[in-house]
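*Asks:* Right, I'll just put the structure down here and ask away after.
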Amino acid sequence: MKENRQREESERMSTLITRQAHGFKGRSTLRGRARRVRRWYRMEYVPVACGLALLPWLAVLAESLPAEAVASNWRTVWIGLDAAEAVALIATGLLAARGHRLHPLTATAAATLLVIDAWFDTMTAAPGADQVSAAAMALGAELPLAVVCVVLAARGHAGAALPSPSPACRACPWSTRRTGLADGTAGRSTP
């Protein structure tokens, strides 16, 4: 029971706990009360399951999509994508300049949008001058800027301060390096 409680406390942020009461007809084995069953659903497995479910869908798309298509709202799509890139880049720059802890998230979003833009620019460009222009834009602007955003995101995650444990907690799991000082700083992260 004590081990279950400790596990529940340590995994609270990474699990979704669903408790269901099962009513038993007749006598229950737990002093007349309904047993409680705990089911642990790991949130980390949801994206993995969705990604695996998309794999067969790729084959369906490869067989069913036409080789060419005409989009009636082509301009709106590209304006929307470029507007999202602009918002993500501006937010990343402003948050990073202020040292805000959320700038790695906006930098990751900006990098993703830039890579998507480069991909669709090059894949949808008409052969000839348009394709050369799209490749030049991707290699000269979009992909290098995406790399800058990834570096900003990585630096932001690496530079995030870890919480300092109290002196009573000498072996806290979030402490990566421990000092052996007797002044109460043992267990705290050192720069």
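*Asks:* Identify, by number, the condition in (1) assigned to a helix (DSSP H, G or I); (2) closer than 26 Å to V151 by Cα that R101 doesn't meet.
*Replies:* Looking at each condition in turn, R101 falls short on (1).
*Asks:* Okay, moving on. Looking only at the range 27-60, how many residues end up being within 19 Å of the chain's Cα centre (by Cα) and at pLDDT below 55?
*Replies:* Going through the range 27-60, the residues within 19 Å of the chain's Cα centre (by Cα) turn out to be 41-54.
With at pLDDT below 55 added as a condition, the list becomes none.
Total meeting the criteria: 0.
*Asks:* Tell me, please, whether a residue that is modelled with pLDDT of 90 or more, open to solvent by less than 70 Å² (accessible area, probe 1.4 Å) and within 15 Å of A154 (Cα to Cα) can be found in the range 83-93. Explain how you work it out, then say what you get.
*Replies:* If we filter the range 83-93 for residues that are modelled with pLDDT of 90 or more, which is where we start, we get 83-93.
Then drop every residue that is not open to solvent by less than 70 Å² (accessible area, probe 1.4 Å), which leaves 83-86, 88-89, 91-93.
Still in the running and within 15 Å of A154 (Cα to Cα): 92-93.
Yes: one or more hits.
The values are calculated or read from the model by the stated rules, or taken from the named source; none is laboratory data. Fair warning: this is a prediction, and the values are worked out from it, not measured in the lab. With ligands, DNA and RNA removed, areas are computed over all heavy atoms of the protein, side chains included. Shrake-Rupley method; radii C 1.70, N 1.55, O 1.52, S 1.80 Å.
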